[in-house]
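Visitor: Take a look at this one; I'll ask things after.
The values are calculated or read from the model by the stated rules, or taken from the named source; none is laboratory data. Quick caveat: nothing in here was measured; it's all calculated off a predicted structure. Neighbour counts are summed over all protein chains in view; Cβ atoms, including those assigned to glycine, are modelled from backbone coordinates with ideal geometry.
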Amino acid sequence: MTEGRLIVCATPIGNLGDVTQRVLDALSSADTIAAEDTRVSRKLLARFDIHTRLEAYHEHNTAQRTPVLVDRIASGERIALVSDAGTPGISDPGEFLVSACLDAGLAVEVLPGPSAIITALVASGLPTHAFYFGGFLPRKAGERTRVLESLATLDATLIFYESPKRTAATLAAIAQVLPERQAAMARELTKLYEEIVRDEVSSLAARLAARELKGEVVLLIGPPTGEKPAPDPGEIRARVAELVDAGSSRSSAVKQVAGETGLGRNTVYDIAHGG
Ligand code: SAM
């Protein structure tokens, strides 16, 4: 029996022509393919006439399936891991299986290939000297604002995955914290309706609010340019509180701080109220 191992296989994010020869060889010769969605992977296998047995490994069965797969690899099975699209382990449960195999001292081989992060970053035209991948932003407004505030001064392009339905709302939320940054929305990469829209965050938010987006989306926010430092939310809150303590009404304090910082009144209001 061949030595057991986990073979992490990157698969196309749209265009099936992007699959590598090494991945096809690994999928053909593996004992089993663990797939995030067997129906999705079956299409890829059918296209390349591969008949290896498929089994499900997804976010709802990781706790139960991970130890079973680890045991089977330990006893000599070669298990290929694929996700619905792109590189397993990036925003999908692949990371748990990789980590469990490494903990058990088993061989893990990663066959590189497509990932939406890198494709979107390069296609966006935004700086690539440093980038931060934040997965999916939290859905709760307060948590999302806190994450964005914590990233406001990072000298890196910020990259987030997002669903098409939430893209406009998420961009509007980003515009509250980083309104003047250069940004891009990359949609349907490598597919027929691929689209990259570039603009300042606030303008991009306004443009996309008027559209019903479909397909898969990556959002990218450029680094601070250095001309205008990103506003420090703590200082803004403190300045509003100072004016209110000195007798201003809350709305005139917000108006004054908007004038002092060049931010929109709604932005100052939201920051002052911790939203
Ligand atoms: N493992 C995958 C990878 O390496 O890119 C990502 C898995 S994550 C669950 C799925 C998200 O990736 C989608 O919601 C979308 O944000 C992004 N994505 C995947 N394919 C894409 C494509 N063709 N165009 C734009 N974004 C894509």
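Visitor: List, please: which pairs have Cβ atoms under 7 Å, are six or more places apart or on different chains, and start with a residue in the stretch 11-27 that is within 15 Å of ARG42 (Cβ to Cβ) and in a helix (DSSP H, G or I) and end with one that is modelled with pLDDT of 95 or more and not hydrophobic (A, V, I, L, M, F, W, C)?
Guide: Partner pairs satisfying both residue conditions: LEU16/ARG47; LEU27/THR52.
Visitor: Among the residues of the stretch 75-92, is there at least one that is surrounded by 22 or more Cβ atoms within 10 Å (Cβ to Cβ) and farther than 17 Å from VAL108 by Cβ?
Guide: Among the residues of the stretch 75-92, at least one is surrounded by 22 or more Cβ atoms within 10 Å (Cβ to Cβ) and farther than 17 Å from VAL108 by Cβ, which makes the answer yes.
Visitor: Going by the conditions given, is THR66 at pLDDT below 95 and either touching a Lys or Arg at 6+ places or on another chain (Cβ under 7 Å) or in a helix (DSSP H, G or I) (or both)?
Guide: no
Visitor: Quickly run through the stretch 94-124 and pick out the residues that are within 13 Å of the ligand (Cβ to nearest atom), part of a helix (DSSP H, G or I) and among the small types (Gly, Ala, Ser).
Guide: Answer for the stretch 94-124, where residues must be within 13 Å of the ligand (Cβ to nearest atom), part of a helix (DSSP H, G or I) and among the small types (Gly, Ala, Ser): GLY94, ALA116, ALA120, ALA123, SER124.
Visitor: Oh, and also: Mind listing whichever residues of the stretch 30-82 are touching a residue at least 40 places away in the same chain (Cβ under 8 Å), among the polar types (S, T, N, Q) and over 19 Å from THR11 (Cβ atoms)?
Guide: Result: SER75, single match.
Visitor: Residues that are in contact with a Leu (Cβ under 8 Å, 6 or more places away or on another chain), at least 3 per element: which strands (runs of 3 or more DSSP E) completely within the stretch 178-253 meet that?
Guide: Counting at least 3 such residues, we get 182-187, 217-221.
Visitor: Among the residues that make up the stretch 194-211, is at least one of them within 15 Å of the ligand (Cβ to nearest atom), surrounded by 18 or more Cβ atoms within 10 Å (Cβ to Cβ) and under 20 Å from the mean Cα position of the chain (by Cα)?
Guide: Within the stretch 194-211 (the criterion being within 15 Å of the ligand (Cβ to nearest atom), surrounded by 18 or more Cβ atoms within 10 Å (Cβ to Cβ) and under 20 Å from the mean Cα position of the chain (by Cα)), the answer is yes, since at least one residue qualifies.
Visitor: Read through the list (1) at positive phi; (2) away from the ligand (no atom under 12 Å from the Cβ); (3) not in a loop (DSSP other than H, G, I, E, B), then give the number of the only condition that GLY135 fails.
Guide: (2)
Visitor: In the set ALA258, ALA230, which member is within 29 Å of the chain's Cα centre (by Cα) and either at pLDDT below 90 or of a type outside the set (A, V, I, L, M, F, W, C) (or both)?
Guide: Going through ALA258, ALA230 in turn, the sole match is ALA230.
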